[in-house]
Each structure stands twice: as C-alpha cells, then as structure tokens.
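Working notes, beginning with the structure itself.
No lab work stands behind these numbers, since they all come straight from the coordinates. None of these values were measured; they are calculated from a predicted model. Here the Cβ positions follow ideal geometry from the backbone for every residue, glycine too, while neighbour counts run over all protein chains shown.
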C-alpha cells in the first residue's frame, strides 16, 4: 500500500507541532496569549442562531447541491449592494472558503501545472494546489516593502506555458496588504492578456482600514468574466468560522460546469448552517462598521507596540486582521519553542505563527512571524509586552547578543 | 484557460437532466412519485435538534480539524457496541461520507492507478476516484445473479500492478447486496495478500434484513488493520443527510497522517452539526430496530409488486433501501423521459434512477433501474402500480410489442 504523491507533497499544519508544548506550558500553570489563531473573536450575530433554531422539518434532508436558493439569493443581494450583479447559477455554495479553493484547484489544475501566488501566503493553499497535482510558483515580496507584490514585471516573469492561474488574497493573509484599484486592474489585465484564471480570495473584503479601498472586489471588472474566480466565505465577515459556509463565484461557464460536478458528487453543504448563513447576510450593516472599527483599533495597538520593540521591521497593514513582521531573533520557530518551554513573564507567555511556513521559497521567513489581532485590546497590549520581554531575554540568554 | 483533465473525466449528476421535465410535468398538474431519491424519509431523532439548539458560545468558532472530541468519543462508543475497539486518532470526522471518500481517494490514488469496484455502484464514486486521477476497474455482476460479486477469481483477475484499492459498499447501493461473513473474510484476504487498500463504505450497516448478517463491519478483522479504510456517516443511520457528518476510520498510520493533512487544510467540519451528530449516537437502539422494520416492510412491498410485473428480473435485496431491477423496456433512460412527458395514470407518474450511470462498462444497465424505497407504504404501492401501468402502455405504444 502506498500514499499518493500529492498527499506526500502536502504539509501538516505548521502550528500542530507546538501543541504538546502549549499543553505542557498550560499544565505548568502558564497563561498563553494566542496571537497565532486567525479566527475572529467578535460575537457571531444572533441572527445565525435564531435562524438555525427555526428549522423544523421532521427529516433533515440534503440541500440542493449548488446551495440552497435562500442562501444563493442572500449572496446575490449582498453582491448587488457592492454594485456587482450576479446570476444565481454563478454562485456555488461550499463548505467554507476551503472547499471553494479545493474545488477550484481540482477544476483547473492538472499535474505539473502552475499557480502564481505572492509569498508569504496562507499555508493551506499548498494543500489545495498539491491535492490537484499543481505546483506553486511563489512571487517574492519583502518585509521592508510591506510585502507588496503588485508589479507587472515581477508577476509576468513567473508566467510559463504551464501557468494556469494567479491566486491572490485581497486583503491579504498573512500580510494585510490591500491592492489599490490600479493594482487590481493591472493584475486583471495580466490574467486577461495571458489567458489565466485569476483566483481572488476575498474573504477579508470588509476589513480595509483606509476608506479609499471601500469594500474591494475584482468582480467589478466585467472584461475578465472568463478569468475570474472569487473565493468567499461567511467565516471572517460574520465571525462565523464554525458555520463552514463559503462560496465560489464565477461567470466562466466551463468552470461552472466543472464545479457543479464536484458539488453534485458531495451532495450538499450542511442544511441548517446554510439557513443560518442566509440570515447573516441580512444583518444590519452597522455590524460591519463596528467590527472594522474594533479591528482597526487593535491593528493600531499592535503596530504601536511592535514599533516600540527595537529591531522589529513592520509596515502598517491596510486590511484583514493580521500583521507580518520581522523580529530581531535568529529563528522564530526556535523562539516559539523557547517561549513555551523556557520563558514566562509573571506566568504569561505568547504564541504567534512562525513565518517560514508562509513561504514556498526555502529559507525565507525564518525571522518573521504572523500576528493575528483577534484578542481584545488589553490582552493584545499584554501579549505584545510579553513578546517584547521574550525577545529581550531570548537575545540575551539564547542568542547571546 | 482550460478545465482540468480530471474534472472533464467526471460526469454531471445523472438525474439532473430529468429535472426540467419533472418541473414541466408538475406544472402540467401531474403528481410524481419519487423512487429515485436515496434519502431516508423517516424523522430525524429530536436529539439532533435539541443538542444543536443548546449551542450557546458567543462566537461560532472552528472545531478541531480531525473532529470534535465529543463526536469522536460518540463514534468510538458506537463502534465499541459493535465489538470494535478504536483509538480516537483512528477516527477522522468528515463533511459526510462524501468528504470521507474524497479525502481517501486523494490520499491513496495517483494518476492512472486503479480501484476495483463491483458494478453497478454509486455513481459519485466516479467523481471521487477521477478527482484524484484514478481509474475505476469495474467488477461485473448480473441481475440474474442478484448482483453478487464476491468471487475470488473474478476479483483477482482485475488486479494489476497499478491497483491501489478495492472499494465496496456493504450493504450495497444500488443493489442491496449484503456480504456473508465468509465473503467479507475472502475479500479481506485478497486485500491483504495483494497489499491493497480495502475501502468499505458501510453507511448502510444498520439496514440488513436477514438477522444472520447482524450489523456488519470489516473492522472486526484485525489482521487487515493496514489495509482497511471504513467510510461511515450519520446520514442513513439516523435519517440525517443534511447534517453532512461522516467519518473515515483507519488504523493505517501513514494514511492517518495523509488524511489529517487534508483535514487540517479545510480547518474543520461544521460545529453545530457535529454537536447534533454526537447526540444522535446516544439515541436509543430501538430507533434502529424501528427504522429497519419499516424499511423491511417497504422492501417486501416493492419486491412483491415488482414480481407482479411480467418480464421484471429482480432478486430480493438483503440490505440498504434500494433494489436494482431489470425492466422489460428497451431503454430505461428513454422510458423515464416518456413517463414524465407522455404518461400519467389518473394524473400520477413516477421517477426512478435509470441503470446505465451505475455502470462503468458502456452499454450495461440500459434495461435496469434503481428503486429507492424511502416512501411510505401506500405511496410505494401506488408508485409501483403506476410503474406497472407505465411499462404496459410504453410497451404497447412506444416499443410496439
């Protein structure tokens, strides 16, 4: 018996190896501040639970394979408010943005075909691309340029005859980079000129902290209807990760047919969660404003605190709820183990996501971390103080600076 | 832009093409009896809804990637009652049996590797195997042998150097075939001797209508720990298809590592559905007995009525809630269109699943149908009467017999 080549090409979750150390630290009485988990902590709107509880069919049956009409209609309305007109058959409800990505990769990638992705990127992209036999061609960025990647020459230099798609996250995870409308247009042009799919993971769309960005979506560009694949989800927008409700939006008929076949094969997305998700889309827009303001305050806190730490390289992220930063330590992986094993400040320690797994290129990201600012203000302040102390002690005692 | 080879190798749902005809028939005032839908109609135990409604965390967060401990524990207990001892890390909760199958195929199949599957089989297997680039080698059966497939020579004759797995559904969909314990042992031996994965889709385990079968599972054979992959689900067992909660059970460590990577990449299965599913596993066993008795009565009705139709070839199925039968018509696909378009009996007509899509071998199954007996007694009786009338009229007016 053997395991498939593609499964062997996938990596286990990069955070999992720290789990036993975190458990041991907690068993030893330490409190861990989690800056590593990219999951919103704001309350899920009550509309989700209320709608879910109204479900009273005697038999909990399969929903429609492409999604329940009530939810597709809600998504359609949501996009309409962004100025994007969609037909119901252009929307496929999926089990989270994750399934949206997997089905897209299975639909457009053959073995050895390539996807261009700016690095650092969300590590699970690796699994989705590799599951389909594809190869990631990383578009390099740098912390001192704020991880910006939208440069025509850099992108075009990576295109080969095997390139099938460009995959971007906008706003970006882990970098918080938000594209300007000129940059969006330029990337759309590249996809169009080179006949590539443009996969835009826009699940953080509502979290742009400069008003000039609005609520950005590539779906406004109607001349790339054939190229564009939008990945979307209720997880971040509505603080509802556990609903596992997302969608693929595409106007490409051939891709629609391919995705529909995969949707049919797995029958449907969970019924009550779709009903809950449909209700979320009716939540008053003040919810988005309030969430955004809260995350903006947190971002400001994190940036202020990070800049107080000598040797940290960080640019202010414009979106999502992450910041990627370079720390003045030799290896953030090693540093994370040490923080759990050998360090505490009055009983407290901290976890972040070490940077290397966000990169395809070996050796990159070793000094970097992703910090998710999904803790409340005072916890964030304390977590960053603990981090600063940790860096100082680590430099003195481990790095012997 | 192009669609992947594997996506192109998948087929759309075979029933979808009838949908507009069914809509038109209903618009014309016809009542359709649905013998085509393989979804239980018995009520979902209230425990599901009650548990789901107790969920009161403010933020609906991701669950654990391999499944929530409460559900894994419930599955573990359920297997214990079958006499099967499992460790928690041998159980991976999935979004239905569908995801269990997809992740298994992605984990063990490379392009051009082969899976032996007795035909007729559940058509969605094609998509899961093809998504991973695999090839189905069909093990042929016949209606006049009751679709039984467990013959060593027949199975071994299909094994090549590219064979990775044998995939069986026991009890069978669409055939209702249940393996005897000797047949199970023999298939286990083949898998072991030839170093193949043995994927057993046992989602209909509770629906065996001869007491000699008990509640069958291959998991009793401890000498095939390395080979065995069990596909399981709450959908049929608890009339809870829309929960989308299933699992993969395997004791093969390498396969566990591969499946875990895929589980981590899609973060988790929906949280409230896992809580509901865990509660289902505590349902009193009288629920299984009552469901089984109900389906047994229905099977008896369907068989009795089918045998009254001249020219029908059918063997009594021993499990699941399907019967595969050969009808005395030229082409059941054509017959189905005609039933929707040109026939009614006092305003009633009927749908079944035509046989050809259940076969890999071209030309097979053209006279066959799958009938799902998930309607209540009186509806089943009426549906079979309408079918009998339809056959008689079709033979006289279309086939000109």
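Observations
- Computed from label points 7 Å out along Cα-Cβ, the spacing between residue A:304 and residue B:345 is 7.9 nm.
- Counting only the Cα atoms, the stretch A:82-218 fills a convex hull of 118 Å³ per residue.
- Under the criterion of Cα pairs below 8 Å and six or more residues apart, the relative contact order for chain B equals 24 percent.
- Proportion of all alpha-carbon pairs of chain B beyond 37 Å (%): 23 percent
- Shortest-first nm distances, residue B:29 label point to equivalent points in other copies (7 Å, Cα→Cβ): 8.3
- Separation between Cα centres of the stretch A:67-136 and the stretch B:269-318, rounded to whole Å: 36 Å
- Against the main long axis of the alpha-carbon atoms of chain A, helix A:181-193 sits at an angle near 60°.
- Packing around the peptides A:235-241, B:378-384, taken as the average count of other Cβ atoms within 10 Å per residue, puts them in this order, highest first: A:235-241, B:378-384.
- For the stretch B:6-44, the residues whose amide N sits under 16 Å from a probe point set 7 Å from the Cα of residue B:378 along the beta carbon direction are B:33.
- For the pair residue A:330 and residue B:19, label points projected 7 Å from Cα toward Cβ lie 6.0 nm apart.
- Cα centroid separation - the stretch B:346-377 against the stretch A:23-47, whole Å: 52 Å
- Dividing the summed -39500 (n - 2.57) terms of all DSSP H runs of n ≥ 4 by the residue count of chain B sets its mean residue ellipticity at 222 nm at -11500 deg cm²/dmol.
- Three semi-axes of the equivalent ellipsoid, the protein assembly as shown, Cα gyration tensor, whole Å, largest first: 48, 29, 25
- Within the stretch A:46-280, antiparallel bridges make up roughly 35 percent of the DSSP beta bridges whose residues both belong there.
- The mean number of Cβ atoms from other chains found within 10 Å of a Cβ in peptide B:38-47 is 3, as a whole number.
- Counting, for every residue in B:107-113, the Cβ atoms of other protein chains within 10 Å of its Cβ and taking the mean gives 5.
- Model label zone, residue B:9; criterion: amide N under 16 Å from point 7 Å along Cα-to-beta-carbon; scope the stretch B:100-126: B:102-117, B:124-126
- Label 7 Å beyond Cα on the Cβ vector: residue B:161 copy-to-copy distances, nm: 3.0
- Evaluated at q = 0.24, 0.26, 0.27 Å⁻¹: base-10 log I(q)/I(0), Debye formula over Cα of the stretch B:120-197: -1.38, -1.50, -1.54
- Here the stretch B:46-280 is described by how far its Cα atoms reach on the three principal axes: 58, 40, 30 Å, from widest to narrowest.
- Exercise: per-residue mean of other protein chain Cβ atoms within 10 Å, B:94-100: 4
- Bridge orientation summary for the protein assembly as shown: considering DSSP beta bridges with both residues in this region, about 50 percent are antiparallel.
- Overall size of the stretch B:355-401 from C-alpha positions, given as principal axis extents largest first: 36, 30, 8 Å.
- For residue A:214, the label point sits 7 Å beyond Cα toward Cβ; its separations from the matching points on the remaining copies run 6.6 nm, from shortest to longest.
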